[in-house]
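Data first, discussion second: the structure below is written as structure tokens.
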Amino acid sequence: MEEKQHKRRVRYKGTHPRKFSEKYKEHDPEKYGDVIEKVIRKGGTPAGMHISIMVKEILDVLHIKPGENGLDATLGYGGHTSKMLECLNGKGHIYALDVDPIESQKTKERLNKAGFGEDILTIKLLNFANVDEIIPESGKFDFILADLGVSSMQIDDPQRGFSFKTEGPLDLRLNPYQGISAAERLKTIGQEELYGMLIENADETYAEEISKAVIRAVRTGKAPETTTDLKNIIEKALSFLPDKDKKEMIKKSCQRTFQALRIDINQEYEVLYSFLNKLPDILNPGGRVAILTFHSGEDRLVKKSFKDFYKDGIYQEISEDVIRPQREECNLNPRAKSTKLRYAIRA
């Protein structure tokens, strides 16, 4: 029998590779605890992983007890899920949903290695807008968490196209195997619709200038295909800004434009609206739900839904004010700064 030759990891050029595909720590960050600790201590998020936000506040709100049945509607990296599983102390069950087939499989393997098998954890590749589909199997829930933020792993991988900071295909789909990419979407949209998208999904200050520039590029055969293409169009459209503030203002407009496109491509408002309407029917009496939002559009939908159901007597208690992360957490994890937490309890 021929002996299988050992293959060494492909070496990259230099000590700090620029291409994501040439890196190795980003693809398996748990193996490099010292590096992770150093990055977090400096206030960064280690590439390839996600730091869970407001864990203590969420657990305080959900009051998870051993033996209960729970749902993590947005599995992501699994950080919140693992903490909720620990609260069960081996008794009860958690169902977890995600639409991303790439990251959810990695998370499943990670949680299985941590000792959370199918006896206590069931992971489904399902959009949480369709959460009612699992009720015949799962039964109603005693606690539910929905973290509406995009996972850092998705942002860090250029091939997913979520960030303007690194070049990659202009995709932005949470499930890259379904629907159309952001690049394809921009080829089918008019200036007025794009303007409305930028306003509604991101409160973009320069929606008119950006929408006109993007549509002009599409009509002249220069439609953006990559993240850099779109960033360059935005930079050119806002070249009139004063030099003193230009860099920071363009950066924020890029962030908001990518956010607006991502929300549109993944129909995030429609998905959230469907989920919020189904919540009362999937919660047991006294069941608790906690939702993390990251921009005003999401927060408005959650706030209105909770208030409406509270007035109708369907929820017995809702958070009077939004709960924000502590300053210390924001210093350690800058991505937590825009987070808002709201909760409701089923009557």
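The values are calculated or read from the model by the stated rules, or taken from the named source; none is laboratory data. If you're wondering where the values come from, they're calculated on a predicted model, not measured in any experiment. Here the Cβ is made from the backbone with ideal geometry for all residues, glycine too, and neighbour counts use every protein chain on show. Side chains are part of the model used for accessible areas, which takes the heavy atoms of the whole protein and leaves out ligands, DNA and RNA. Shrake-Rupley method; radii C 1.70, N 1.55, O 1.52, S 1.80 Å.
Worth a mention:
- Some residue of the stretch 321-337 being in contact with a Phe, Trp or Tyr (Cβ under 7 Å, 6 or more places away or on another chain) and not aliphatic (A, V, I, L, M): no
- Cβ-Cβ under 8 Å pairs, at least 6 apart or on other chains, the stretch 124-137 side in contact (Cβ under 8 Å) with a residue 12 or more places away in the chain and farther than 17 Å from P101 by Cβ, far side among the small types (G, A, S) and surrounded by 14 or more Cβ atoms within 10 Å (Cβ to Cβ): V131/A73
- When restricted to residues that are open to solvent by 50 Å² or more (accessible area, probe 1.4 Å), touching a strand residue (DSSP E or B) at 6+ places or on another chain (Cβ under 7 Å) and not in a helix (DSSP H, G or I), the stretch 291-321 contains 2.
- Within the set I144, I155, I189, the sole residue that is open to solvent by less than 60 Å² (accessible area, probe 1.4 Å) and in a loop (DSSP other than H, G, I, E, B) turns out to be I189.
- Residues of the stretch 173-186 that turn out to be surrounded by 18 or more Cβ atoms within 10 Å (Cβ to Cβ) and modelled with pLDDT under 95, as a count: 2
- Of the residues making up the stretch 194-253, just one is in contact with a strand residue (DSSP E or B) (Cβ under 8 Å, 6 or more places away or on another chain) and part of a helix (DSSP H, G or I), namely T227.
- Scanning the stretch 192-204 for residues being open to solvent by less than 10 Å² (accessible area, probe 1.4 Å) and without any contact (Cβ under 8 Å) to a residue 60 or more places away in the chain gives a total of 2.
- For I51, the criteria (1) open to solvent by 30 Å² or more (accessible area, probe 1.4 Å); (2) of a type in the set (A, V, I, L, M); (3) at pLDDT 95 or above hold in every case but one, which is (3).
- Inspection of the stretch 328-347 identifies no residue that is out of contact with any Pro (no Cβ under 7 Å at 6 or more places or on another chain), small (G, A, S), buried (at least 20 other Cβ atoms within 10 Å of the Cβ) and part of a helix (DSSP H, G or I).
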